[in-house]
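Undergrad: Please see the structure below; I have some questions.
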Amino acid sequence: MNEPWTRDQLLVVFNLYCRIPFSKTKANNPLVIEVARQIGRSAAAVAMKLGNFGSFDSALRAKGIKGLSGASRADRAIWEEFNQDWAKLSIESGLAADRFPGSSLALPPERDVASRPVDGYLAKCADIVSGPSETAREVKVRLHQRFFREAVLASYGDSCCVCSNPVPQLLMAAHIVPWAEREDLRVNPRNGLCLCSLHHDAFDNGLWAIDDTYQIKLSSALRAYLPSRILEVNFVEFSCAQIRMPDKFWPEKEFLAFHRSNLFRE
């Protein structure tokens, strides 16, 4: 009989689920193989557990992807717990990874562009959860930012949801409700969009927004600069088109409505 999955193992695998596209949750993915080695499970078992988590994801179901049918109560408990507290996941899963013997790097990243390695991360984990120091807060913020970026970019297949720009150095994990507005949403991937730097800056400045049907709306402030070939190519061409939807963690309509009400320059 197989040994029951521990909470630490589930934490590490759920973190991986968030950080890779669902199409890459296969046993031959090097990241799946590495995590399996780290937690003492087979790559096939980790891939199956990733499929179990996928069975809970409404965004996948909307695309006709059902995940696997053998999810356990423990799988669902992890899913529900951390869908309520994404910041907790980004810290606890790192701590869980570090508890496995021989772990040399907690949760190896698939991408680290614009996200510097966390210096001395493993040595500072205890401070992160219990210490009030400035260093602990800085490391905590960087861990949150790294998790948010990787989860959002993976959900959108590493390309801008407006123009499909795939250049990693030009991609941002944009917050829909700004970082400063809601601390509880800072790590929530449903509060994120994968945008190229141009569309990110324009979104943050209220020059375009997304309506309840996920269609792009241009502001009067941006249209005031028309005609302009640059704006025609980069913005007008996408007006009234639907953003390219992610395969996981669809943006919450409540968050999009906040952006339209508070930032969009109608």
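Undergrad: Among the candidates Leu153, Leu207, single out the residue that is more than 17 Å from Arg265 (Cβ to Cβ) and surrounded by 15 or more Cβ atoms within 10 Å (Cβ to Cβ).
TA: Matching residue, one of Leu153, Leu207: Leu153.
Undergrad: So which of Ala44, Ala71, Ala27 ends up being modelled with pLDDT of 90 or more, outside any helix (DSSP H, G or I) and aliphatic (A, V, I, L, M)?
TA: After applying the criteria, what remains is Ala27.
Undergrad: Now for a separate question. Could you check, for segment 4-16, whether at least one of its residues is of a type in the set (S, T, N, Q), within 22 Å of Arg146 (Cβ to Cβ) and part of a helix (DSSP H, G or I)?
TA: yes
Undergrad: Cβ-Cβ distance below 6 Å, separation of 6 or more or different chains: which pairs start in segment 250-266 with a residue that is in contact (Cβ under 8 Å) with a residue 40 or more places away in the chain and end on one that is in a loop (DSSP other than H, G, I, E, B) and open to solvent by 30 Å² or more (accessible area, probe 1.4 Å)?
TA: Lys253/Asp212
Undergrad: In segment 224-263, what residues are within 30 Å of Phe14 (Cβ to Cβ), at pLDDT 95 or above and basic (Lys, Arg)?
TA: Hits for segment 224-263 are Arg244, Lys253.
Undergrad: Scan segment 217-262 for residues that are in a loop (DSSP other than H, G, I, E, B) and under 17 Å from Leu198 (Cβ atoms) and jot them down.
TA: Ser219, Tyr225, Leu226, Ser228, Phe235, Ser239, Ala241, Ile243, Arg244
Undergrad: Exactly one condition in (1) under 22 Å from Asp247 (Cα atoms); (2) in a helix (DSSP H, G or I); (3) open to solvent by 40 Å² or more (accessible area, probe 1.4 Å) is not met by Lys66; state its number.
TA: Of everything listed in (1) under 22 Å from Asp247 (Cα atoms); (2) in a helix (DSSP H, G or I); (3) open to solvent by 40 Å² or more (accessible area, probe 1.4 Å), Lys66 misses just condition (2).
Undergrad: Give the residue that is least open to solvent (accessible area, probe 1.4 Å), with candidates limited to residues of segment 232-257 that are more than 16 Å from Cys160 (Cβ to Cβ) and basic (Lys, Arg).
TA: Lys248
Undergrad: Just checking, does segment 186-200 include any residue being assigned to a helix (DSSP H, G or I) and in contact with a Pro (Cβ under 8 Å, 6 or more places away or on another chain)?
TA: Scanning segment 186-200, I find at least one residue that is assigned to a helix (DSSP H, G or I) and in contact with a Pro (Cβ under 8 Å, 6 or more places away or on another chain), so the answer is yes.
Undergrad: Here is a further query. Which one is nearest to Asp247 (Cα to Cα), of the residues in segment 30-41 that are open to solvent by 30 Å² or more (accessible area, probe 1.4 Å) and part of a helix (DSSP H, G or I)?
TA: Here the answer is Pro30.
Undergrad: Regarding Ala174, is this residue touching an Asp or Glu at 6+ places or on another chain (Cβ under 8 Å) and part of a strand (DSSP E or B)?
TA: Taking the combined requirement at face value, the residue satisfies it.
Undergrad: Next question, about the same structure. Go through (1) open to solvent by less than 20 Å² (accessible area, probe 1.4 Å); (2) at pLDDT 90 or above; (3) within 22 Å of Arg99 (Cα to Cα) and name the single condition Phe53 misses.
TA: The single condition Phe53 does not satisfy is (3).
The values are calculated or read from the model by the stated rules, or taken from the named source; none is laboratory data. Note that the structure is a prediction, hence the values are computed from the model and not measured. Heads up, the Cβs are rebuilt from the backbone with ideal geometry, glycines too, and the neighbour counts pull from every protein chain shown. Note: areas computed on protein heavy atoms with side chains; ligands, DNA, RNA excluded. Shrake-Rupley method; radii C 1.70, N 1.55, O 1.52, S 1.80 Å.
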